[in-house]
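A.B. asks: Sharing a structure with you now.
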């Protein structure tokens, strides 16, 4: 099932030919989402004479790039303290500063390429609905400051400040960061495709790659010979031969409402289109679209045995019902709004939640991904980093700590199945405990920390 985003601009989708014969190129990029398109874009900027082909199993933006929550966020799925422990304090700070600066880079490209994707940089509000979440928010802001970031990066809001931005009753506290924009995801994907095609990149659709090797990409009946292969498959990586355990495909789901009326919009405020989430363990993510719809998403769907990815998994009646219930709790005004679309899709999750950009000049094999749902902005930074690695121009981005970082493989089945679903249930149980008692669930939280 397609998303609201893809449905809303279906009439603008360009249908491209499939790959029906063997070809030779310099760079073959597997995946027609943000990672693949940004990679093609920056490689062409750095070396315009490169022959580049993007090979997509369905159509441009079919995966997470056309289904996500529309958060162009400078934050990463791995925290500053986690990066510090693995790579050192300076590396952690550099990683986050470059990630924050990526929004400026994206804005520049949107202007230069005349891409209208409903981009609005209103920032993000994080709310706390109980005392445990409140402490979590305070600690997160304090951690940012301990690494030299200031209130211009993140700060606590007073109750009145929060209510002046968006009317959410019952919050214990909240924080705000300007490092996020709301977008229409599918418009960005389609716009990037036009931009790379304008520079001579060939995009093949409905062309399913079954195996990636050194200097070769194999489809069912054709091959692509190349010097460099870029794997940009994110949530669909497990479908490639020899990559079943590289990234776990965890599903995330969304709903969208009809547009709010003028009176409903006056009741809720939200005029600057800030994105919103709260500090629960089982993530929710919310934006208000340019035309005044509430797009509300959440995680917690069960992992499917063997890292399976199927169209039938794109909707989940129980999970969608929970998401709608959460939306009604956070925004009571939505109880009177029609739900116009429900959808979902897989995220690409590495074993330790650490995204990476990899390139081996000897084999010509490259990859980028593992964004754990934070990829709208990260794909741009990852692609710029990868382009400089491939061109080998010693750019500062190539020194970032995610370069050639290899996360360990996920456990084999059935351990993977029981482990992931067990951790999901554990996270949901912690949220229920915190909500009902206003106290931390120390035992289950400790177990969660051990296995994540």
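The values are calculated or read from the model by the stated rules, or taken from the named source; none is laboratory data. Every value quoted in this text rests on a predicted model; they were computed, and no experiment measured them. No Cβ is skipped: glycine too gets one built from the backbone with ideal geometry, and neighbour counts run over all protein chains shown.
A.B. asks: Mind checking whether some residue in the stretch 180-198 is in a loop (DSSP other than H, G, I, E, B) and assigned by TED's automatic domain parsing to the domain that holds residue 306?
C.D. replies: Among the residues of the stretch 180-198, at least one is in a loop (DSSP other than H, G, I, E, B) and assigned by TED's automatic domain parsing to the domain that holds residue 306, which makes the answer yes.
A.B. asks: Then there is this: Checking residue 53 against (1) surrounded by fewer than 23 Cβ atoms within 10 Å (Cβ to Cβ); (2) outside any helix (DSSP H, G or I); (3) out of contact with any strand residue (DSSP E or B) (no Cβ under 7 Å at 6 or more places or on another chain), which single condition isn't satisfied?
C.D. replies: Residue 53 satisfies every listed condition except (3).
A.B. asks: Could you please let me know if residue 443 is free of Cβ contacts under 8 Å to residues at least 24 places away in the same chain, farther than 30 Å from residue 261 by Cβ, out of contact with any helix residue (DSSP H, G or I) (no Cβ under 9 Å at 6 or more places or on another chain) and part of a helix (DSSP H, G or I)?
C.D. replies: In short, yes.
A.B. asks: So, one more: With the requirement that a residue be surrounded by fewer than 23 Cβ atoms within 10 Å (Cβ to Cβ) and part of a helix (DSSP H, G or I), what does the stretch 7-36 give you?
C.D. replies: 7, 8, 10, 11, 12
A.B. asks: Follow-up question, since we're still on this one. If residue 117 passes every condition in (1) in the same structural domain as residue 198 (by TED's automatic domain parsing); (2) more than 30 Å from residue 40 (Cβ to Cβ); (3) in contact (Cβ under 8 Å) with a residue 40 or more places away in the chain but one, which one does it miss?
C.D. replies: The failed condition is (2).
A.B. asks: Name the pairs: first residue in the stretch 132-148 and more than 24 Å from residue 91 (Cα to Cα), second residue part of a helix (DSSP H, G or I), Cβ to Cβ under 8 Å, at least 6 apart or on different chains?
C.D. replies: Listed by first residue and then by second, the contacts come to 132/434; 133/434.
A.B. asks: In the stretch 277-296, how many residues are over 13 Å from residue 127 (Cα atoms) and part of a strand (DSSP E or B)?
C.D. replies: Just the residues of the stretch 277-296 that are over 13 Å from residue 127 (Cα atoms), to begin with: 282, 287-296.
Now drop any that are not part of a strand (DSSP E or B), which leaves 287-288, 294-296.
Going through the stretch 277-296 one residue at a time, the tally reaches 5.
A.B. asks: For residue 381, are the conditions met, namely being in contact (Cβ under 8 Å) with a residue 24 or more places away in the chain and either part of a helix (DSSP H, G or I) or touching a helix residue (DSSP H, G or I) at 6+ places or on another chain (Cβ under 6 Å) (or both)?
C.D. replies: Taking the combined requirement at face value, the residue satisfies it.
A.B. asks: Which condition number in (1) in contact with a strand residue (DSSP E or B) (Cβ under 7 Å, 6 or more places away or on another chain); (2) closer than 15 Å to residue 248 by Cα; (3) in a helix (DSSP H, G or I) is the one that residue 386 fails?
C.D. replies: Of the numbered conditions (1) in contact with a strand residue (DSSP E or B) (Cβ under 7 Å, 6 or more places away or on another chain); (2) closer than 15 Å to residue 248 by Cα; (3) in a helix (DSSP H, G or I), the odd one out for residue 386 is (2).
A.B. asks: Would you be able to tell me the number of residues in the stretch 397-426 that are within 24 Å of residue 84 (Cβ to Cβ) and modelled with pLDDT of 90 or more?
C.D. replies: Within the stretch 397-426, residues that are within 24 Å of residue 84 (Cβ to Cβ) and modelled with pLDDT of 90 or more number 12.
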